[in-house]
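Worksheet: the structure to be examined is printed underneath.
Computed from the coordinates by the stated procedures, all read-outs in this text should not be read as laboratory data. Given the structure is predicted, the values throughout are model-derived calculations rather than measurements. Methodologically, a virtual Cβ is constructed for each residue, glycine included, from the backbone with ideal geometry; neighbour enumeration extends over all protein chains shown.
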């Protein structure tokens, strides 16, 4: 009997969805909404102040979960298209699909960065494109790439290296530095999270032994910064404080631990009857791209209206209003469409979307991905 994590969420085209990953993605998107609204719409009321303290400790962890789940998804997408991908070359059709999605995300992300400097989509497009070249490589090669990215991030903190990363007078150099080293989600070290996700996508995550190993390794990695860095304060505080905001070597390991635990949580929740149906968390995970873009446009609109009226909503009322409006909108949309608006638009740019092979892949998915 299959576990619920192997239940395929209903789709019309494309590779099958894993319920546990939608739950993990939904959890991450909800975390990101709270983090971003807290940064833009801080409040002085007791509820907002109480939540803000917790949210500050989650800084960028939501993004780590999204990136890692996306890495898992890329591996599963390649296996659904070609079960022997890891042992051979990548199908041309799959390459076109990945390139088109990467380009769509990069363009959409740069457009969004005009109003939101902390955008992750254009970085994610780069991760997706880069990951394509490692899909057909052995797992050992993936591990070497992870270590290389982590090492490059580590040496960035040497004073001599930091001098070269300072802003340049050359116009074309700064965007490259931003993508690779100095941006909000630079390739080094954020590619580490994506590659770890790709590696996890090749491993059968079911079974008590595997899940126990994920739990132990996730906890050890998540607390590694507090355990090994010279942080002041009580151990209980420093363990919780461990974050990924500074992208120092141990904080990268801490971020990986967070992602591993989130993916494990999604897998375990999917075994519960409550989460096997199309729950709110699953709904948010399945439409995460649309949700991400709309929540940014929403708080930009709130700020603009607030300036006009001389009144600003605090974080909790703004989040509540947004989620109510979004759930109403997306449920109405999904009544007549299989995917969210931006997810549908992204697939419109896919040159393989209407090909016969794509239809065959959808009708006969490689269902034993986690067997």
Legend entry - Paramagnetic reach from residue 155 (point 7 Å along Cα→Cβ, amide N under 16 Å) across the stretch 169-197: 181, 188-189
Legend entry - √(5λ) per eigenvalue of the Cα gyration tensor, the stretch 168-214, largest first, Å: 37, 8, 5
Inset, instruction - Arrange 22, 159, 178, 350 by Cβ neighbour counts within 10 Å, fewest through most, would you? - result: 159, 178, 350, 22
Legend entry - Enclosed volume per residue, in Å³, of the convex hull spanned by Cα atoms of the stretch 144-191: 68 Å³
Inset, instruction - Would you mind getting me the FRET efficiency between residue 182 and residue 137? Use the beta-carbon distance for r and R0 = 25 Å, nearest 0.05. - result: 0.35
Inset, instruction - Please order 289, 148 by the number of other Cβ within 10 Å, starting at the fewest. - result: 148, 289
Legend entry - Computed lengthening from residue 301 to residue 89, 0.36 nm per intervening residue step minus Cα-Cα distance: 71.7 nm
Legend entry - the stretch 82-213 pair-distance distribution - Cα-Cα, 10 Å bins, rounded %: 11, 33, 34, 17, 4, 0
Inset, instruction - Report the label-to-label distance for residue 336 and residue 272 in nanometres (one decimal), using points 7 Å from each Cα along the Cα→Cβ vector. - result: 3.5 nm
Legend entry - Ranked 224, 89, criterion: other C-beta atoms within 10 Å, fewest first: 89, 224
Legend entry - residue 164-residue 208 pseudo-label distance in nm [points 7 Å out on the Cα-to-Cβ vector]: 5.2 nm
